[in-house]
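So that we are looking at the same thing, I have put the structure below in structure tokens.
The values are calculated or read from the model by the stated rules, or taken from the named source; none is laboratory data. Keep in mind the model is a prediction, meaning the values are calculated, not measured. Cβ placement follows ideal geometry from the backbone for every residue including glycine, while neighbour counts extend to all protein chains displayed. What goes into the accessible areas is simple: the full protein's heavy atoms, side chains included, and nothing from ligands, DNA or RNA. Shrake-Rupley method; radii C 1.70, N 1.55, O 1.52, S 1.80 Å.
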Amino acid sequence: GIAYPLGTPGFALNLTVYAELYAQGGDTSQAQAFQRAIDAMAALGGGVVMTRLRTISFDQAVIGKPNVKVHGLGIDASTITTTAHTFHAFTDSNVAAPGFEVHGFTIQGPSAPTGGTHTNRGILLDAQGSSYSVHNRFTNLRFRRLFRGLNIHQADDLAYDLIEGEDLLDSVVYVGEVAANRSTRIS
């Protein structure tokens, strides 16, 4: 491809992709396309994954990567439906990725949770004892029919705004500290 100088519009456009362009034959949901797009941006050191899709199906978790920002069209304009109550739309207890962001989606389960095995979260980040400083940002999100919406463990620096929840079994936003040597700062 063409190499654009840092700071030019061409450079920025090279670091912005649409998730649906990464779909391949045999994909069972859009989760695979989103993952490929996130992986591609992470390989470049970070970037923006956008979507024009209004209705999105995830049959598995999509794992965030450092310095990748995922943007939908907005609450109820881009709706991700998870097809099971046992995984999370974005991330799945992975080591929290510094600089990973999600903006502009409704994320919902297939039906209202009632307990038992219904433990899915819209977004779950767990730093799992990592030693680096982690900054994550989440805005303009609605979580519906989930156990928890935004579920963060061991976040160093967490920013969130315009977070809503409907038919949740537990919390819209849950920030838990599970390691004594770390502190959580919420902005």
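Could you list all residues from segment 91-114 that are of a type in the set (A, V, I, L, M, F, W, C) and either outside any strand (DSSP E or B) or in contact with a helix residue (DSSP H, G or I) (Cβ under 9 Å, 6 or more places away or on another chain) (or both)?
Val95, Ala96, Ala97, Phe100, Ala112
Related question: So which residues in segment 78-100 are modelled with pLDDT of 95 or more and open to solvent by 20 Å² or more (accessible area, probe 1.4 Å)?
Thr79, Thr81, listed by residue number.
Moving on. Would you check if Asp156 is open to solvent by 20 Å² or more (accessible area, probe 1.4 Å), among the acidic types (Asp, Glu) and at pLDDT below 90?
yes
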